[in-house]
Structure formats: structure tokens, C-alpha cells
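Peer 1: Can you keep this structure in mind? I'll have questions shortly.
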Amino acid sequence: MALADTPRSSLAASAPVLRLGRLAGLVYGLAGVAIMAVFWPLFGVFLSNAPRLGSPWLERSADVGLGLANPFLAGAIDLALIAAFGLQHSLMARPGLKRRWRALVPPALERATYVHAANIVLLALVAFWQPIPIDVWRIEGSLLRDACWALFALGWIILLTGAVSFGIAELLGVRQVLDWYWEREPRPLPLKTAGLYRWLRHPMYVGVLLAVWATPYMTLGHGLLAAGLTVYVLIAKRYEERDLNRTYGRLYQAWTRAR
């Protein structure tokens, strides 16, 4: 039956349902951002090894805390957590899986769903991480220790600035959800070349690597996390560049040659 033939009473009755659905989608999208705003600072505390400074509200860090006595079992659990983190971030960013998600949820909520999944794996990593407190290095000199913390802070600054340069509203799916809620035409995502992208091809990856490696106190558990996330970055970078090349073609190739 054509829309013109649909009784006006049916259209009027369905309007509140449509508005309620869009409101639910808006809450769903914004909730993911609000949760991430809590979880990423928690991850920063986790990497900074705050329990050594007397924070009883956080049981474990990447280095110390309550965990299994058997380092081999602890390492196996940690590797599984790293793999879950990497697989979620990488696979859900691939175009093929995005198309499948869009068959289950409105396209505008695809990125919001990614954010919720990222929150789940990040919380699992922090909550179930098993420290392996075997020293790899321990820097005692105050100057070198301060330099490590400066690099750690720089990593987080680069990560946040990279997200802003990319367009944090787009990155977290807020723009897509708001366009859908207000029934605006979806806007294509342009190639990002402004801000930190003028100097770094992958600024957010650079920030993550600095944050996980720059520490004056590195244990075997922390090193396992840093190495695992480095492997993830190297793999994700390769697939991301392939996807960008397919999407933007000559524009992307010209930008990479200008780096």
C-alpha cells in the first residue's frame, strides 16, 4: 500500500512510536560517550600504577595489585584480554562488519554500538587484568623518572588532541546520532588532514603507544600489555590504511605522499 493510501489515523498513531524510538537511540548513543568519559581516565589511572601510591579503591594496576600467583596462568588471561580488546577495535572498524551491523541497527547507531563494545572490552581489561609483578626496569633517578611521566602525559595529550583533530563528535558517533534524531541528511565522513594529522599520519596510535610504554616502573605484566597493544596498533594501522585507500583513493594517496 502506498504511503498516500495509509490512513491518517495510522500515521498519527505511529508518530509517537517513531519519536520514542529516536529518543531511545539518542540516549543509547550519548550513554556510550558518557561511559567512555569515565572508563578512559580509569585506564589512565590503571597504566599510571596508582595502587602503589595508596589508592585502595583500585585493586590492581598494569603492574601491581591482587592477582594470580601463577605468572603463566596470569599471562594467559592477560593475553586473552588484550586479544579481545584488539579484535573488537579492529574487526568492528572494518567496512564488511559495519555493513552487517547496519542490517541489525540503524546506520546512525553503528558507531555508537562500536563505542559501547569498546567500553565493555576496556572495562574487562581493567577489571580482570592479572598483574605479573616481576621487574623489567625501575628508574630511580628523579630526572629520568620525571621525563618518563612527562612522556606518559604527552601520550594522553596526543591521543586527546588526535581525537579532536579527527572530529571527536564523529569519532564517538555523536554527530551521526544527532543527525538521525533531528532527521537531518547523513553527512559523509571526509578524509582527516587537519590538526595533528598535518604532522602525524596516526596521532591517536602514537598517543596510545607513548601512554603504555612511558613509565619509570615496568613490570612483566605491564610489558605484556604494552607489547600486545603495540602489535594491535601495527595490525590495525595496516588495515586502516588499506580501508582509507579504498575509500578516498587518489586523495588519500596524495596526502600520504605529502607526509
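The values are calculated or read from the model by the stated rules, or taken from the named source; none is laboratory data. Computed from a predicted structure; not experimentally measured. Quick reminder, even Gly has a Cβ in these numbers, built from the backbone with ideal geometry, and neighbours come from all protein chains shown.
Peer 1: For residues in segment 144-175 being of a type in the set (Val, Ile, Thr) and over 13 Å from the mean Cα position of the chain (by Cα), which is farthest from residue 215 (Cα to Cα)?
Peer 2: Applying the filter and picking the extreme gives 174.
Peer 1: Right, something else. Name the residues in segment 229-254 that are of a type in the set (A, V, I, L, M, F, W, C) and either in contact with a helix residue (DSSP H, G or I) (Cβ under 7 Å, 6 or more places away or on another chain) or buried (at least 17 other Cβ atoms within 10 Å of the Cβ) (or both), would you?
Peer 2: Result: 229, 233, 235, 236, 244.
Peer 1: Mind checking which residues of segment 170-191 are assigned to a loop (DSSP other than H, G, I, E, B) and under 30 Å from residue 24 (Cβ atoms)?
Peer 2: 172, 173, 182, 183, 184, 185, 186, 187, 188, 189, 190, listed by residue number.
Peer 1: State all residues of segment 26-74 that are in a helix (DSSP H, G or I) and modelled with pLDDT under 75; if no residue qualifies, say none.
Peer 2: Those that are in a helix (DSSP H, G or I) and modelled with pLDDT under 75: 50, 51, 52, 53.
Peer 1: Return a yes/no flag: does segment 130-147 have any residue that is buried (at least 18 other Cβ atoms within 10 Å of the Cβ), at pLDDT 90 or above and not polar (S, T, N, Q).
Peer 2: So far as segment 130-147 goes, yes, one or more of its residues are buried (at least 18 other Cβ atoms within 10 Å of the Cβ), at pLDDT 90 or above and not polar (S, T, N, Q).
Peer 1: From the list 214, 194, 226, pick out the single residue that is surrounded by 18 or more Cβ atoms within 10 Å (Cβ to Cβ), over 18 Å from the mean Cα position of the chain (by Cα) and either under 23 Å from residue 245 (Cα atoms) or of a type in the set (A, V, I, L, M) (or both).
Peer 2: None of the others qualify; the one that does is 214.
Peer 1: Considering only segment 157-170, how many residues are closer than 30 Å to residue 21 by Cβ and touching a residue at least 12 places away in the same chain (Cβ under 8 Å)?
Peer 2: So the answer is 4.
Peer 1: Residues being acidic (Asp, Glu), closer than 28 Å to residue 174 by Cβ and out of contact with any helix residue (DSSP H, G or I) (no Cβ under 8 Å at 6 or more places or on another chain): count how many of those fall in segment 94-152.
Peer 2: Counting residues in segment 94-152 that are acidic (Asp, Glu), closer than 28 Å to residue 174 by Cβ and out of contact with any helix residue (DSSP H, G or I) (no Cβ under 8 Å at 6 or more places or on another chain) gives 0.
Peer 1: Are there any pairs with C-beta distances below 7 angstrom linking a residue in segment 206-218 that is touching a residue at least 40 places away in the same chain (Cβ under 8 Å) to a residue that is among the acidic types (Asp, Glu) and in a loop (DSSP other than H, G, I, E, B), with the two at least 6 apart or on different chains, and if so which?
Peer 2: Pairs found: 217/63.
Peer 1: Same structure, new question: Quick one: which residue in 212, 233 is touching a Leu at 6+ places or on another chain (Cβ under 7 Å) and closer than 24 Å to residue 99 by Cα?
Peer 2: 233
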